[in-house]
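Structure record follows, encoded as structure tokens.
The values are calculated or read from the model by the stated rules, or taken from the named source; none is laboratory data. Computed from a predicted structure; not experimentally measured. Methodologically, a virtual Cβ is constructed for each residue, glycine included, from the backbone with ideal geometry; neighbour enumeration extends over all protein chains shown.
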Amino acid sequence: MKVVFRVDASIQMGTGHVIRCLTLAQVLKENGADTGFICRKHEGNLIDKIHSSGFNVHELEVIEELEVDNKLAHSHWLGATQQQDADDCIGILKKEKIDWLIVDHYAIDEDWQCKLKPYYEKLMVIDDLADRRHECDLLLDQNLFDDMPARYYNKTPVQSQNFFGPQYALLQKEYENLHEEIQAKAQTIENILLFFSNMDLDGLTSKTLSALTQVDDVFQNVDVVISKQSPHYVKVKSQVEELPNAQLHSDLPSLVSLMAKADLAIGAGGTTHWERLCLALPSLVIILAENQRPVSRSLQKMGLIELIGEADTITADIIASSIKKVLLRSDINNWSNLCRAQCSGGGTSFIVDKLLNYVKP
């Protein structure tokens, strides 16, 4: 079976789309699929990481002088018009038969998908926003809202098989394995995990480290994760060296071991929501981008996270206040169990089985 992913990463859109597609691609490959990627060369792309993971990547150039049509809220993320991107992809896909084309991109909708239709057998779409129509055979939205089916009403074909919720989240196999044995967190918070994003352009890791110096509790362990390529790395490194029991980690292949030992995470919205839920990890969350806002607020409403606020309004004092409030909570164990119940970590295996054994409804 031949599978091709159309997905991008950039400083602006982050790395989460590529990471979840890589997770899916690796399991497909283990099951005998011939799997490749099409990616545009945005600043902050993960093309080298995809190559080093053992996959071929067809690289597309970013069009610098681009008049964005603004049809979609995230049209400017594509680095080309949908017409140009479709033409570029057709030039690649027409060379061989594609069984599954998998698209994970906020700047692509049914116009692009219909143009590509002669060049693939079936199309899977991974989405989070429900803000545009898709012409697909299978759709995955791993977010958690009360009204998931209603969000996609009239936005997918009648025959599309749609899977909604974090039980289908595309997590690495290690999360599924650990979910079976992980215990709910104890009442006492001794181990903290800080991770906002690899690059952390908003400098939230540094602000959180400053906030921890305002908290009277001395934690047994503070794990801090940030890339060495981040513009804030040097400052963060210096702060970690001054903070008791803090450890700095960079460019890790996975956060699974750090999440497993943490009692509380402080980080961003996005894909890590589902990793934290799977491992029963309560979290304080700061919203980094518009697309993180709806689901983060939904999770707050359900009691699954504590929302600190949005990146552009956050100070160290605000973070410190949120940490102090959590330390006074008497229901950490119940909170942890509630998180664990939302995501088993088995979504990747489930979706791979659907792709390998697809039967039209």
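Only one residue in Asn162, Asn154, Asn177 is more than 21 Å from Ser257 (Cα to Cα) and not in a loop (DSSP other than H, G, I, E, B), so which one is that?
Asn162
Of all the strands (runs of 3 or more DSSP E) wholly in region 1-112, which have at least 2 residues that are β-branched (Val, Ile, Thr)?
In region 1-112, 2-7, 34-40, 100-104 are the strands (runs of 3 or more DSSP E) which contain 2 or more residues that are β-branched (Val, Ile, Thr).
Would you mention how many residues in region 243-258 are in contact with a helix residue (DSSP H, G or I) (Cβ under 8 Å, 6 or more places away or on another chain) and either surrounded by 15 or more Cβ atoms within 10 Å (Cβ to Cβ) or over 19 Å from Glu176 (Cβ atoms) (or both)?
Going through region 243-258 one residue at a time, the tally reaches 8.
Scan region 287-301 and report the pairs whose first residue is not assigned by TED's automatic domain parsing to the domain that holds Leu129 and whose second residue is surrounded by fewer than 17 Cβ atoms within 10 Å (Cβ to Cβ) and part of a helix (DSSP H, G or I), with Cβ atoms within less than 7 Å and a gap of 6+ or a chain change.
Close Cβ pairs satisfying both conditions: Ile287/Arg293.
Within region 158-166, does at least one residue satisfy the condition of being surrounded by 22 or more Cβ atoms within 10 Å (Cβ to Cβ) and not assigned by TED's automatic domain parsing to the domain that holds Glu275?
Yes, some residue in region 158-166 is surrounded by 22 or more Cβ atoms within 10 Å (Cβ to Cβ) and not assigned by TED's automatic domain parsing to the domain that holds Glu275.
Would you check if Gln183 is more than 23 Å from Ser298 (Cβ to Cβ), surrounded by fewer than 19 Cβ atoms within 10 Å (Cβ to Cβ), touching a helix residue (DSSP H, G or I) at 6+ places or on another chain (Cβ under 7 Å) and not aliphatic (A, V, I, L, M)?
no
Being touching a residue at least 40 places away in the same chain (Cβ under 8 Å), under 20 Å from Tyr106 (Cβ atoms) and out of contact with any His (no Cβ under 7 Å at 6 or more places or on another chain) narrows it down to one of Leu24, Leu46, so name that one.
Matching residue, one of Leu24, Leu46: Leu24.
Can Leu24 be described as closer than 22 Å to Gly345 by Cα and not assigned by TED's automatic domain parsing to the domain that holds Pro231?
Details: closer than 22 Å to Gly345 by Cα: yes; not assigned by TED's automatic domain parsing to the domain that holds Pro231: yes.
Yes; evaluated as a whole, the condition is true for this residue.
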